[in-house]
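Read through the structure below, which is laid out as structure tokens, and then see the notes.
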Amino acid sequence: MLFERIEPLLLNVQKPARYIGGEPGSIMKDKKDVRVRFAFCFPDRYDVGMSHLGMKILYSVINHRPEYWCERVFAPDVDFEAVMRAHNIPLYALESLEPIKDFDFIGFTLQYELCYTNILNMLDLAGVPLLQKDRGEDIAPIVCAGGSCACNPEPIADFFDLFFLGEGEEVDLEVMDLYDKMKAAGATRSEFLREAAKIEGVYVPSLYDVSYHEDGTIAALTPKGDAPQTVRKRIISDFDKVDVPEEFVVPFAEIVHDRAVTEVLRGCIRGCRFCQAGFLYRPFREKAPEIICEQAKTLCQRTGYEELSLCSLSTSDHSRIEEMMDGLLTFTERDHINLSLPSLRVDNFSTALMNRIRRVRSSGLTFAPEAGSQRLRDVINKNVTEEELMRTCKIAFAAGQATVKLYFMMGLPTETDEDIIAIIDLAQRVVDMWFGMEDRPKGKSVQISASVATFVPKPFTPFQFHPQDTVEMIAHKQKLLEETVKGHKRIRVSWHSPETSILEAVLARGDRRLGSVILDAWKKGCLFDAWSEHFRFDLWQQAMADNGLTMEFYANRARSYDEILPWDHLDYYVDKAFFIKENEKAIAAQTTPHCRMQCTACGVTKVTGKPCFPVQKEEKV
Amino acid sequence: MIPVRATFAKRRRAKYISHLDLMRCMQRAFRRAEVPIWFTEGFNPHAYLMFPLALSLGYESDCECMDFRLDGPMSMQTAMERLNAVLPPDLQLVKVAEPVRKHTDIAFADYSICLDCTEGTSADVLRSAWDDFIGQNTILMEKRTKRGTATVDLKQQAQILMTQTLEDGLWLKLRMPAGTSVNVNPGLLIDAFRAYLEQNAPHVQYGMMRAARLAILCADGSDFV
């Protein structure tokens, strides 16, 4: 245990509670009873990582098995990292305070492309060889990863033994079971990896060779031995019955989302063409309201949290939302628990329910039209109309709100200057509506904040073929926005510098050649790239150039439909042919109805063998 | 409604919990333990919890104090057992009783401070530097308060109860003014010592400081809890 060595150092760093564990809900086990140890690593700071529901789920799932022990690891902030390096403290897990180098699994969750240098830094702090090929034939530690960015793991393939594709609740344990058995039999790392690759949802990158054309595109991906040609993601067998955490590790120090969270549905029916999550997490599945309420109630009781939040891509798409809200409000009101409702459309709620929600908490209203003009909203298949936006704002204004936050993107396919100007026009029409309302809140003045992000084309979306706007194009559009908003006193526009989005675009659709770029960028000092105060775009540009590559090739190049994409050998249930069809419709500004209205034949049912939505009699009329 | 004064220990990993974080942690512990704690009335009801004397980050203690009110059919003893079952092992209640003294009765607190030797400074050298330091007529330090900074004479404020040379360090017991009106953190005296060394004996250094609160006392020297 490193406690004695860490203790003298902690009082010299910011928020030491992040580095010492011991929180209520953290799971302690006796090493003697444990056969497989899993270090669950979140490649960002404690306050970010501790807010992540996926970690809580897998922590609970693994620790339910008495013979396995899952512990938490986060990226130390720069001040503590310096102290650790100066005193030779290796990266350790928060429960046992033991070095993770000696664990069986070192597993990272990949939530965001800009955390890749943090992964290398954590492996380095742990004292584990960064490159998979340098880890030798000892079976431990197996360095693995899962999470949304695992859908294109090629840029970080050099650093990992295996990736988990899709939902981890079941496949993680299957891989640990296999490991447990093979370790006891004295298997080597490569023997284990070859066996693990046979499990559905497990991708072992070292079992594939990639060759390239002269123009830099992929010529072929060749499996070695009996590795499968395509690797399919996993989904859990029954969403209602899946193991959910009955308690969380409740942190002492404040974290980003410090509250109880209950998952209400997985997947999304909407099919917005820019949205990776909407395709990655298909099929759509929802939990029964009684199960949601029971789980939320237990969680609140076991954690003692005074706030409950619901997690989903779109909570209002739950088919029995009124019932669910009713059940939740019944116990949250009684127990003084605040219910916070992100990703919720309020326009289809009954007034009675609206009133109850308002009584619990009135947080600011946010709405994501994503594009300013109806034409462009049709292109991206964001099926919200201006009428819906106005109706929602009207309800909120009548209820006493005066500030609205609107989210947009710029750089969307087919976008013109008119579409950019339309962002301000749309915001102004919300302002005009406010002044047209006789029952608007007295003594307040309306404020519209329009936040405009730079669009990043992502794998497994219809827009995966599209070039990202160049820096010059984005700069032009930002200037246009700035000029257009002048004179609109009630509207504030904000955006970020595009460099972060460019790097995100490069890494999101990158291939294996980026492995050495990421390694070089880290060696040059890149770390916490998602944090603007640490982000060093110039070092990334150098690292690209040093490796004979350009950002433009990855970010600003249109892909033809027959190009082999770096993630084409990974199967996330949705067909490439469907993405092509959707992209064609996008260019023609044609919308696709959501899954409940009509099956889009995206490919999911071919795998699941059943329709996502049972056809109901009343809908047949 | 029964008023309760709980004494709790804060050790090892729990000593890094800041005062604000500790309050939040206790609030949640009451919910987890389903102890019927009295809620304040008003627009935003919250569990009523009162900590008469905050403990600095990094200090251990077996004598921390927290007041609350039981608002339901549960004995203090059961409440303590239920809270301890949901609190981490390094943060545990040790005693519950009806409050006797008022918060304003708190006048002093006793502390144990250990200063570790570093390479190059022996315990004897450290001890004699300390004796020189504490033998000064005045020890002036700037102290931050809610109303800006004030200069305090620590020589007047601090009572040295014990000074002992250890094999590899120096062990002190101090009595400092504490409470709602005057409160002097022993860390301030140690900061003054460090500043004194830098000025007068730069070759003398100490390593880590281990600190613990030993007691919370009233003006007559009796225990607050």
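List of remarks:
- In the range A:389-435, the residues that are out of contact with any Pro (no Cβ under 9 Å at 6 or more places or on another chain), farther than 21 Å from A:VAL452 by Cα and of a type in the set (A, V, I, L, M, F, W, C): A:ILE395, A:ALA396, A:MET433, A:TRP434, A:PHE435
- The lone criterion from (1) part of a helix (DSSP H, G or I); (2) within 12 Å of chain B (Cβ to nearest Cβ) left unmet by A:ILE292 is number (2).
- Scope the range A:179-208; condition assigned to a loop (DSSP other than H, G, I, E, B), within 30 Å of the chain's Cα centre (by Cα) and surrounded by 15 or more Cβ atoms within 10 Å (Cβ to Cβ); matching residues: A:ALA197, A:ILE199, A:GLU200, A:GLY201, A:VAL204
- Residue in the range A:239-248 that is among the aromatic types (Phe, Trp, Tyr), at pLDDT 95 or above, under 30 Å from A:GLY25 (Cβ atoms) and in a loop (DSSP other than H, G, I, E, B) present: yes
- Residues of the range B:184-220 that turn out to be in contact (Cβ under 8 Å) with a residue 60 or more places away in the chain and either surrounded by fewer than 17 Cβ atoms within 10 Å (Cβ to Cβ) or within 20 Å of B:LEU57 (Cα to Cα) (or both), as a count: 20
- Total residues in the range A:360-415, condition assigned to a loop (DSSP other than H, G, I, E, B), surrounded by fewer than 19 Cβ atoms within 10 Å (Cβ to Cβ) and not polar (S, T, N, Q): 5
- If the condition is being surrounded by 18 or more Cβ atoms within 10 Å (Cβ to Cβ), more than 14 Å from chain A (Cβ to nearest Cβ) and under 16 Å from the mean Cα position of the chain (by Cα), then the range B:57-92 contributes B:SER61, B:CYS63, B:GLU64, B:CYS65, B:MET66.
- In the range A:552-579, the residues that are surrounded by 15 or more Cβ atoms within 10 Å (Cβ to Cβ), among the hydrophobic types (A, V, I, L, M, F, W, C) and out of contact with any Leu (no Cβ under 9 Å at 6 or more places or on another chain): A:PHE553, A:LEU565, A:TRP567, A:PHE578, A:PHE579
- So B:ALA54, is it assigned to a loop (DSSP other than H, G, I, E, B), in contact with a helix residue (DSSP H, G or I) (Cβ under 6 Å, 6 or more places away or on another chain) and of a type in the set (A, V, I, L, M, F, W, C): yes
- Failed condition for A:HIS476, given (1) at pLDDT below 95; (2) closer than 30 Å to A:CYS526 by Cβ: (1)
- Strands (runs of 3 or more DSSP E) lying entirely in the range B:147-225 (those with 1 or more residues that are under 19 Å from the mean Cα position of the chain (by Cα)): B:159-166, B:169-177, B:206-218
- Tally of residues being part of a helix (DSSP H, G or I) and buried (at least 17 other Cβ atoms within 10 Å of the Cβ) across the range A:586-595: 1
- Apart from one condition, B:GLU41 fits all of (1) part of a loop (DSSP other than H, G, I, E, B); (2) more than 14 Å from every other protein chain (Cβ to nearest Cβ); (3) surrounded by fewer than 17 Cβ atoms within 10 Å (Cβ to Cβ); the exception is (2).
- Qualifying residue in the range B:7-20 (condition: over 20 Å from A:PRO251 (Cβ atoms), over 17 Å from the mean Cα position of the chain (by Cα) and either surrounded by fewer than 17 Cβ atoms within 10 Å (Cβ to Cβ) or more than 10 Å from every other protein chain (Cβ to nearest Cβ) (or both)): no
- Test: residue in the range B:184-205 that is at positive phi and at pLDDT below 95: no
- Per-region count, the range A:295-319, residues within 14 Å of chain B (Cβ to nearest Cβ), not in a strand (DSSP E or B) and not aliphatic (A, V, I, L, M): 9
- Within the range B:93-117, if we keep just the residues that are within 14 Å of another protein chain (Cβ to nearest Cβ) and of a type outside the set (A, V, I, L, M), the residue that is farthest from the chain's Cα centre (by Cα) turns out to be B:CYS117.
- A:ARG5 fulfils the conditions (1) of a type in the set (Lys, Arg); (2) away from chain B (no Cβ under 14 Å); (3) not in a strand (DSSP E or B) except for a single criterion, (2).
- One residue from B:GLU34, B:GLU81, B:GLU64, B:GLU41 being touching a residue at least 60 places away in the same chain (Cβ under 8 Å) and charged (D, E, K, R): B:GLU64
- Among the candidates A:ARG302, A:ARG334, A:ARG320, residue that is out of contact with any Phe, Trp or Tyr (no Cβ under 6 Å at 6 or more places or on another chain) and free of Cβ contacts under 8 Å to residues at least 12 places away in the same chain: A:ARG334
- A residue that is modelled with pLDDT of 95 or more, hydrophobic (A, V, I, L, M, F, W, C) and under 23 Å from the mean Cα position of the chain (by Cα) cannot be found anywhere in the range A:332-346.
- Subset of the range A:535-569 [more than 22 Å from A:PRO467 (Cβ to Cβ) and in contact with a Cys (Cβ under 7 Å, 6 or more places away or on another chain)]: A:ARG536, A:LEU539
The values are calculated or read from the model by the stated rules, or taken from the named source; none is laboratory data. Owing to the predicted nature of the structure, the values given are computational and were not obtained by experimental measurement. As a convention, Cβ positions derive from the backbone with ideal geometry for all residues, glycine included, and neighbour counts pool all protein chains shown.
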